[in-house]
Amino acid sequence: MTPFTINTPQAVLDDLRVRLNNTRWPDELPGTNWRYGTDLAYLKDLCESWKTFDWRAVEARFNSWPNILTTIDGQQVHAIHAPSPEPDAFPLIMTHGWPGSVAEFLDVIEPLRDPRGHGGDPADAFHIVMPSIPGYGWSGPTTEPGWDVRRVAEAWKVLMARLGYSRYGAQGGDWGSMISSQLGVVDPEHMAGLHINMVLGIPGDAPLTEVEQADMAGTSAFVAEGSAYQQIQGKNPQTLGYGLSDSPAGLAGWIIEKFHHW
């Protein structure tokens with residue numbers, strides 16, 4: 001385990017602003033708004049705000065917690081490790097999803113690790129572990145294919161053992177829900193419980209209720225109209241990567257559409 005301080009080179013931030021200033025914007029059909037993807041006016045406004053965004057303040061917030069790097073299965077893995085001041089706190093590994101990062105959890109670290117300081121019961125305290133999925137943030141870039149849900153879960157098993165936690169819980173949403181669920185499969189001797197924000201299931205033979213039918217209709221609509229990003233990210237990520245790596249506006253447009261719709 002190596003202590004890690006996030007310190008983005010200033011040249012990277014300067015290059016970001018140059019690229020934002022030099023964005024070549026596409027045309028947009030009148031009146032379509034978000035129908036065919038990210039709204040042009042919205043994205044222009046977002047990128048204008050990005051030019052003056054204070055990344056150093058966010059960086060300082062990340063660095064206010066202990067960050068670590070370790071190598072597992074040949075892959076660099078980053079995690080925030082925030083032990084509780086309560087000696088009997090229970091370890092909890094929290095896994096983010098896409099499009100997201102460990103930044104999703106920054107607002108809940110302190111209440112979870114120190115409920116006493118937030119008007120809660122100290123018996124509810126957790127030792128917090130928040131790893132970045134390989135390929136996200138500082139857990140990367142990945143150096144070989146094959147980092148599927150099970151392999152990430154196996155890495156989390158190793159991570160928790162290296163941190164000295166023999167019994168722990170897991171929490172996750174989106175990809176984090178699948179990774180956390182799989183962690184229970186690969187490490188049942190040590191994982192005590194699971195909380196997930198996304199549950200996927202296959203309907204059985206029993207007739208569906210009206211609520212279930214409506215939910216299934218929504219899922220079918222998502223598969224038909226809202227899942228194209230999954231196909232290209234899953235099958236042709238290299239092709240997509242050229243545009244998203246070179247254009248911050250392109251990257252913002254790709255991601256913000258999901259935050260808008262979801």
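The values are calculated or read from the model by the stated rules, or taken from the named source; none is laboratory data. Since this is a predicted model, take the numbers as computed values, not measurements. Heads up, the Cβs are rebuilt from the backbone with ideal geometry, glycines too, and the neighbour counts pull from every protein chain shown.
Here is a list: Pro203, Pro207. Which entry is surrounded by fewer than 10 Cβ atoms within 10 Å (Cβ to Cβ), farther than 27 Å from Thr32 by Cβ and modelled with pLDDT under 95? Before the answer, list the steps.
Values: Pro203 fails: surrounded by fewer than 10 Cβ atoms within 10 Å (Cβ to Cβ).
Going through Pro203, Pro207 in turn, the sole match is Pro207.
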- Item | Which numbered condition Arg24 misses (of (1) part of a loop (DSSP other than H, G, I, E, B); (2) under 25 Å from the mean Cα position of the chain (by Cα); (3) among the basic types (Lys, Arg)) | (2)
- Return only the number of the condition from (1) in contact with a Ser or Thr (Cβ under 9 Å, 6 or more places away or on another chain); (2) assigned to a loop (DSSP other than H, G, I, E, B); (3) within 22 Å of Leu163 (Cα to Cα) that Ile80 does not satisfy. (2)
- Check region 9-28 and report whether any residue there is surrounded by 14 or more Cβ atoms within 10 Å (Cβ to Cβ), within 30 Å of Val158 (Cβ to Cβ) and touching a residue at least 60 places away in the same chain (Cβ under 8 Å). no
- All positions within region 137-175 that are exposed (fewer than 14 other Cβ atoms within 10 Å of the Cβ), within 18 Å of the chain's Cα centre (by Cα) and at pLDDT below 95: Pro141
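Across region 29-40, what is the number of residues that are aromatic (Phe, Trp, Tyr) and without any contact (Cβ under 8 Å) to a residue 24 or more places away in the chain? Even if it seems obvious, please write down each step before you answer.
Within region 29-40, the first condition is being aromatic (Phe, Trp, Tyr), and the residues that meet it are 34, 36.
Now narrow it down to the ones that are without any contact (Cβ under 8 Å) to a residue 24 or more places away in the chain: 36.
Count: 1.
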- Query: Which residues, taken from region 123-136, are over 18 Å from the mean Cα position of the chain (by Cα) and either hydroxyl-bearing (Ser, Thr, Tyr) or under 14 Å from Pro83 (Cβ atoms) (or both)?
  - Reply: Ala125, Phe126, His127
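Quick grid of which residues meet (1) of a type in the set (Asp, Glu); (2) outside any loop (DSSP other than H, G, I, E, B); (3) at negative phi:
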site: Ile68; (1), (2), (3): no, yes, yes
site: Asp88; (1), (2), (3): yes, no, yes
site: Ile93; (1), (2), (3): no, yes, yes
site: Pro99; (1), (2), (3): no, no, yes
site: Ala103; (1), (2), (3): no, yes, yes
site: Asp107; (1), (2), (3): yes, yes, yes
site: Ala123; (1), (2), (3): no, yes, yes
site: Ser139; (1), (2), (3): no, no, yes
site: Pro145; (1), (2), (3): no, no, yes
- Item | Residue count for region 235-251, restricted to those that are outside any helix (DSSP H, G or I) and either of a type in the set (Gly, Ala, Ser) or closer than 17 Å to Leu43 by Cα (or both) | 1
- Query: Which one of these is surrounded by 15 or more Cβ atoms within 10 Å (Cβ to Cβ) and in contact with a Ser or Thr (Cβ under 8 Å, 6 or more places away or on another chain): Phe126, Phe62?
  - Reply: Phe126
- Note on the structure: Reported set for region 76-92 where residues are touching a Phe, Trp or Tyr at 6+ places or on another chain (Cβ under 8 Å) and within 18 Å of Ala192 (Cα to Cα) is Ala89, Phe90, Pro91, Leu92
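Of these, Trp262, Trp254, which one is closer than 27 Å to Tyr42 by Cβ and at pLDDT 95 or above? Write out each step before concluding.
Values: Trp262 fails: at pLDDT 95 or above.
Of the residues listed, the single one that is closer than 27 Å to Tyr42 by Cβ and at pLDDT 95 or above is Trp254.
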